[in-house]
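Everything below concerns the one structure shown next.
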Amino acid sequence: MKTSYLLPALVLMVLSACKVSKDIQTPKPALPVAFRNEVATADTSSIADVQWKAFYTDAQLQKLIDSAIVKNYDMQIALKNIEAAQLVFKQVKWDYVPQADLNVTANNQRPSDNSLTGLSLSQYNIGARHIEDYSANVQLSWEADIWGQIRSRQRLALAQYLQTKEARKAIQTQLVSDVSQGYYNLLMLDEQLAIAQNNVKLNDSTLRIIRLQYDAGQVTLLAVQQAQAQQQSAAQLIPQFEQNITIQENALSILTSALPSRIARTASIEQLTVPDQVSAGLPVIMVSRRPDVRSSELDLQIANANVGINKAEMYPALRLTASGGLNSFRASNWFNIPASLFGIVAGSVVQPLLDHKVLSTNYQIAKVNRDRSVLQFRQTVLNAVGEVSDALVRIEKLKQQQVIAAARVKTLQQATTNANLLFKNGLANYLEVITAQSNVLQSELELASLKRDQLDAVSDLYRSLGGGWN
C-alpha cells in the first residue's frame with residue numbers, strides 16, 4: 001500500500017479511538033432511611049465525624065492510640081503499599097510515551113570461503129576476508145491507544161492506588177478500636193482484681209469469726225471448712241486476674257509495636273462515662289465514609305478496567321517503529337557524516353488469530369469478575385448496615401442490663417452487711433453469710449464486665465460508622 005493511502009488510514013484509526021467496553025456504574029445499594037434500634041431524633045450528625053482524639057478523651061488512651069498509629073507494623077506496611085502503588089500509578093502515565101533504546105554494536109565476522117557470503121567478498125574487492133559492521137542508533141517504538149487499553153491501565157492503577165489508601169484507613173479504624181477496647185478491658189480487670197481482693201478480706205474476717213465460734217463449740221468443723229472454701233475461691237481469682245492483666249498489657253504493647261511491658265493507666269473504669277445518647281447519622285453518609293465500602297467500590301472500578309484491557313487485547317494493535325543512527329563496515333568511516341547516516345520507519349497492524357480463543361476466555365472471565373465485584377459491593381454495604389444496627393442494640397440493651405445489675409449489686413451489698421451483723425449477733429447462720437458474700441462477689445464482677453461491654457459497644461459503633469481514621 002502506498003504511503004499516501006496508509007497514513008490517512010492510520011490517522012483515521014487513531015482519531016476514531018473508542019472504548020471497546022462499557023463500564024458498569026457503581027450500583028445504588030438498598031439503604032434504610034434510618035438504622036434499626038436508633039433513637040428517633042432530628043439530629044442527622046454522626047459520632048464518626050468526630051476525630052478520634054475528641055472521641056476518646058482519656059489522656060493515657062490517647063497516648064496509646066497515637067503510638068499505635070505511628071508505630072504499628074500493619075500501619076507501616078500499609079504506608080509502604082501506598083508508596084508502591086503511587087510509583088506504579090506514576091509509571092503508567094508514561095505508557096503514552098514512545099519507548100526509546102540506544103544500541104551501539106560492533107561485529108567482526110569471518111565467513112567460510114565456500115559460503116555465499118565468502119564467495120561474494122571476492123567480487124567486491126574490499127581487500128579483507130572478514131566482514132565488519134559498526135552501528136550506533138536510536139530505536140523508537142510506539143503503540144497507538146486505539147481501543148483505550150492504556151487508559152484502562154491508568155484507571156486500574158489509579159483505583160489500586162486509592163484502594164491502598166482506603167486499606168490504610170481501614171487498618172487505622174480497626175487499630176483505634178482494638179486499642180480502646182484493649183484499654184477498657186485492662187481497666188475492667190483492674191476493677192475485678194480490686195473486687196476479688198476486697199472480697200478475700202471480707203471472707204478472712206468471716207472465717208476468723210467462724211473459727212472462734214468453732215473453738216467455743218458453737219459451730220461444727222463443716223462451717224469452718226465451707227467458710228475457708230469460700231475464701232479460697234475468692235483468693236483463686238486474684239492470680240487469674242493478674243495473669244489476664246499481664247496478657248492484656250502484652251497485647252496492647254504489641255499493638256504499639258513495643259516490647260511487652262506494663263501499661264500505665266491513671267483512671268479507673270468507674271471514672272469513664274458512657275454517653276447517654278449517641279448519634280449514628282444517616283446510612284447513606286455511613287456508606288460513603290467506611291473504608292471497606294469505598295474499597296469495594298474501587299474493586300468495581302478495577303474490574304471495569306480489566307474488562308477494557310482484556311477486550312482491547314482481542315482487537316488489532318497499531319505499532320509504529322523507527323530507528324536511525326550511524327552505520328559503517330569500517331571503523332574508520334563509522335562517524336563519517338552524512339555518509340554513515342541511516343534511518344528506518346515501519347508500521348504494522350497485529351491481529352491475534354490462533355490465540356483469539358484464549359483472549360476471548362480471559363475477557364469473559366473479566367466480565368464475570370466484574371459481576372462478582374458488584375455482588376461483593378452490595379454484600380459489604382449490607383454488612384456495614386448490620387454492624388451499625390448490632391452496635392446500636394448492644395448499647396441500648398447493655399444500658400438496661402447495667403441499671404438492673406447496679407441495683408442488684410446495691411441490694412446484695414446491703415444484704416451482705418445485714419448478714420454479717422445478724423451473724424455476729426447470732427441471728428443468722430454461717431451459710432447465709434457465705435451465700436451473701438458469694439453473691440455480692442459475682443454481681444460486682446458482672447457489673448464491672450457490663451461497664452466494659454458498654455464502652456466496647458460505643459467504640460464498636462464508632463468503628464462501624466467509619467470513624468477513627470481522621
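For the range 423-430, the criterion of being part of a helix (DSSP H, G or I), loosely packed, with under 15 Cβ neighbours inside 10 Å and either hydrophobic (A, V, I, L, M, F, W, C) or without any contact (Cβ under 8 Å) to a residue 60 or more places away in the chain (or both) is met by none of the residues. Checking each residue in the range 154-172 for being over 30 Å from Lys71 (Cα atoms) and buried (at least 19 other Cβ atoms within 10 Å of the Cβ) picks out Arg155, Leu156.
Which residues, taken from the range 5-39, are among the small types (Gly, Ala, Ser) and modelled with pLDDT of 75 or more? Talk me through it step by step, then tell me what you get.
From the range 5-39, those among the small types (Gly, Ala, Ser) are 9, 16-17, 21, 30, 34; that's our starting set.
Across the range 5-39, the qualifying residues are Ala30, Ala34.
Scanning the range 265-296 for residues that are touching a residue at least 12 places away in the same chain (Cβ under 8 Å), assigned to a helix (DSSP H, G or I) and over 16 Å from Leu31 (Cα atoms) gives Ile269, Glu270, Pro291, Asp292, Ser295, Ser296. Examine the range 347-354 for a residue that is over 32 Å from the mean Cα position of the chain (by Cα) and hydroxyl-bearing (Ser, Thr, Tyr), and state whether such a residue exists. Yes - at least one qualifying residue is present in the range 347-354.
May I ask you to say which residue of Gln232, Gln271, Gln248, Gln218 is farther than 30 Å from Thr44 by Cβ and in contact with a Leu (Cβ under 7 Å, 6 or more places away or on another chain)?
Details: Gln232 fails: in contact with a Leu (Cβ under 7 Å, 6 or more places away or on another chain); Gln271 fails: in contact with a Leu (Cβ under 7 Å, 6 or more places away or on another chain); Gln218 fails: in contact with a Leu (Cβ under 7 Å, 6 or more places away or on another chain).
Only one candidate passes the filter, namely Gln248.
Leu102 satisfies every condition listed in (1) over 31 Å from the mean Cα position of the chain (by Cα); (2) at pLDDT below 80 except (2).
Condition check for Asp58 on (1) over 30 Å from Glu249 (Cβ atoms); (2) at pLDDT 90 or above; (3) not β-branched (Val, Ile, Thr): one failure, at (1).
Considering Lys397, Lys451, Lys410, Lys367, the condition of being of a type in the set (D, E, K, R), surrounded by 15 or more Cβ atoms within 10 Å (Cβ to Cβ), at pLDDT 90 or above and farther than 30 Å from Asp23 by Cα is satisfied by Lys451 alone. The residue that is surrounded by the most Cβ atoms within 10 Å (Cβ to Cβ), counting only those in the range 455-470 that are polar (S, T, N, Q) and farther than 16 Å from Asp58 by Cβ, is Ser464. Comparison of Ala280, Ala303 shows that the only residue that is surrounded by 20 or more Cβ atoms within 10 Å (Cβ to Cβ) and closer than 30 Å to Lys399 by Cα is Ala280.
When the range 317-359 is filtered for residues that are touching a residue at least 24 places away in the same chain (Cβ under 8 Å), closer than 30 Å to Ser373 by Cα and either among the charged types (D, E, K, R) or surrounded by 14 or more Cβ atoms within 10 Å (Cβ to Cβ) (or both), the ones remaining, listed by number, are Ala317, Pro352, Leu359. Right, Glu191: in contact with a Lys or Arg (Cβ under 6 Å, 6 or more places away or on another chain) and charged (D, E, K, R) or not? Against the criterion (in contact with a Lys or Arg (Cβ under 6 Å, 6 or more places away or on another chain) and charged (D, E, K, R)), Glu191 does not qualify. Scanning the range 294-338 for residues that are of a type outside the set (Gly, Ala, Ser), touching a Leu at 6+ places or on another chain (Cβ under 9 Å) and farther than 30 Å from Leu156 by Cα gives Leu326, Asn327, Trp334, Phe335, Asn336, Ile337. For Ile171, the requirement of being in contact with a helix residue (DSSP H, G or I) (Cβ under 8 Å, 6 or more places away or on another chain), closer than 30 Å to Ala84 by Cα, in a helix (DSSP H, G or I) and free of Cβ contacts under 8 Å to residues at least 60 places away in the same chain is not met. Does Leu31 satisfy the condition of being touching a Pro at 6+ places or on another chain (Cβ under 6 Å), hydrophobic (A, V, I, L, M, F, W, C) and under 21 Å from Ser295 (Cα atoms)? Yes; evaluated as a whole, the condition is true for this residue.
The values are calculated or read from the model by the stated rules, or taken from the named source; none is laboratory data. Because the structure is a prediction, the values reported are computed rather than measured. Neighbour counts run over all protein chains shown; Cβ positions are idealised from the backbone, glycine included.
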